Amino acid sequence: MQTEGMVGPGFSRGLLLLAWLYAASAAAQIVNVQALFDENTGPGRSAAVDLGMDWRTGSIQLFSLRGALLGQWRTENHTWLGVVRGEYAFAAEERIVSKVMEHLRYRYRLTERLSGEAFVQHEFDEFRRIQFRALLGAGPRLKVLTDKKATLVVGLALMLEHERIRRDSEPDAGQFRTDPRLSSYILGRLEFMENVALVETLYVQPRVTNPTDIRLLNDTIFEVKPNARLSVGIGFNLTFDNDPPLAVPKLDTQLRTTVGIRL
C-alpha cells in the first residue's frame, strides 16, 4: 500500500495513488517503513503519491490535509527508499494536527535471505510536543520464511536518537536528549487467496541505557486486490511510549481505510 527519467517498467509498476478515506486519532511515533517497500517491483525506479483531504462545514468545522511522496530504486543487490509525508488539520479555526516526517533507507542484499539496512529519519510533531527528532541507525534483516503464501522477516538495528521537546508552558519545555535505542521488528504476510492478504508488523524499541523506556508499534493491514490495478486496505495500528513528553498520552491508536490505484 504504499525514475530512468521517471519512465519505464519499474515506474509503471510502482506508481501508486492512495486516497485516505478515514483516519482517527494520532499517528504513531514509530513509523512502519518496512510496509512501504514494494517487494514485487523489479529492478528500476518507482514512485508513489499519497494524498487525502477532509473538509466539513456546518455543525462541525474541520479541514484536514494529508500527503506523502515515496520513491524506490532497486537493483539486484541494492534498494533505496525515500519517504516524505506531512499532515495538517484545523477544527473551528484552531490547528489540531501539525507534523512532518522524512525517512531515507538503504538496503544491501548479502545473500538470498540476509540483508543489511541503514537509515536516517527526521520528524516534527507539534501535538506530541516534538520540535525535532532525528534517527540514525543500521542493522541486519533476515528472511525467516519465504513461501508463496506466507513470508516472515525479522530485523534488528542499533540507532542513535536525538529528541528535542518544543518550548511551551510545560515543565519539560525545551529539554533535549540523545540516546541509543535498539529497534527490532517482525514483519509477517499471509495470503489467504490470490488477491487477499494480511500484513502484520511489530516494532519494539527499548532505550539501551534504560530498557524500561520502551516504545512499541503493532500495525495490522488487511488488503484486498480486486484486480492488478486496484487495491483496498483496512489498517489498524497501536503505539505505546512508556516515557512520552509531559501531557502526551502513552497510548495512540489509528484506524484507516485506503484505496490504491496502480498506473
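The values are calculated or read from the model by the stated rules, or taken from the named source; none is laboratory data. Keep in mind the model is a prediction, meaning the values are calculated, not measured. Using ideal geometry, Cβ is built from the backbone for each residue, glycine included, and neighbour counts are taken over all protein chains shown.
Points to keep in mind about this one:
- Among residues of the range 196-225 that are within 13 Å of PHE240 (Cβ to Cβ), those with a Cβ under 8 angstrom from a residue that is modelled with pLDDT under 90 and aliphatic (A, V, I, L, M), sequence gap 6+ or separate chain, pair up as TYR203/ILE30; GLN205/ILE30; ARG215/ILE30; LEU216/ILE30; LEU217/ALA28; LEU217/ILE30; ASP219/ALA28; ASP219/ALA35.
- Looking only at the range 68-106, and only at residues there that are surrounded by 14 or more Cβ atoms within 10 Å (Cβ to Cβ) and charged (D, E, K, R), the one that is farthest from the chain's Cα centre (by Cα): ARG74
- Sub-6 Å Cβ pairs linking a first residue in the range 43-62 that is over 22 Å from ALA91 (Cβ atoms) to a second residue that is surrounded by fewer than 13 Cβ atoms within 10 Å (Cβ to Cβ) and at pLDDT 80 or above, at least 6 apart or interchain, are PRO43/THR75, ordered by first then second residue.
- LEU65 being touching an Asp or Glu at 6+ places or on another chain (Cβ under 9 Å) and either assigned to a strand (DSSP E or B) or surrounded by 19 or more Cβ atoms within 10 Å (Cβ to Cβ) (or both): yes
- Listing of strands (runs of 3 or more DSSP E) fully contained in the range 192-243 that carry 2 or more residues being out of contact with any Gly (no Cβ under 8 Å at 6 or more places or on another chain) and charged (D, E, K, R): 210-224
- Just so you know, in the range 117-138 the residues that are at pLDDT below 90 and either within 16 Å of the chain's Cα centre (by Cα) or of a type in the set (Phe, Trp, Tyr) (or both) include one that is farthest from GLY155 (Cα to Cα), and it is PHE127.
- Residues being among the acidic types (Asp, Glu) and exposed (fewer than 14 other Cβ atoms within 10 Å of the Cβ) - total across the range 165-207: 2
- For the range 178-213, residues that are touching a Phe, Trp or Tyr at 6+ places or on another chain (Cβ under 8 Å) and within 23 Å of VAL120 (Cα to Cα) total 7.
- Selection count where residues are more than 16 Å from GLU191 (Cβ to Cβ), β-branched (Val, Ile, Thr) and buried (at least 17 other Cβ atoms within 10 Å of the Cβ), scope the range 212-246: 1
- Qualifying residue in the range 24-43 (condition: over 25 Å from LEU135 (Cβ atoms), modelled with pLDDT of 70 or more and in contact with a helix residue (DSSP H, G or I) (Cβ under 6 Å, 6 or more places away or on another chain)): no
- Residues in the range 140-154 that are in contact with a Gly (Cβ under 8 Å, 6 or more places away or on another chain), closer than 28 Å to ASP243 by Cα and surrounded by fewer than 18 Cβ atoms within 10 Å (Cβ to Cβ): PRO140 alone.
- Residues of the range 183-226 satisfying the condition of being of a type in the set (S, T, N, Q) and farther than 22 Å from ASP147 by Cα: SER183, SER184, GLN205, THR209, ASN210, THR212, ASN218
- Close pairs from the range 230-254: first over 28 Å from ARG167 (Cβ atoms), partner among the basic types (Lys, Arg) and outside any loop (DSSP other than H, G, I, E, B), Cβ under 6 Å, at least 6 apart: GLY235/ARG256
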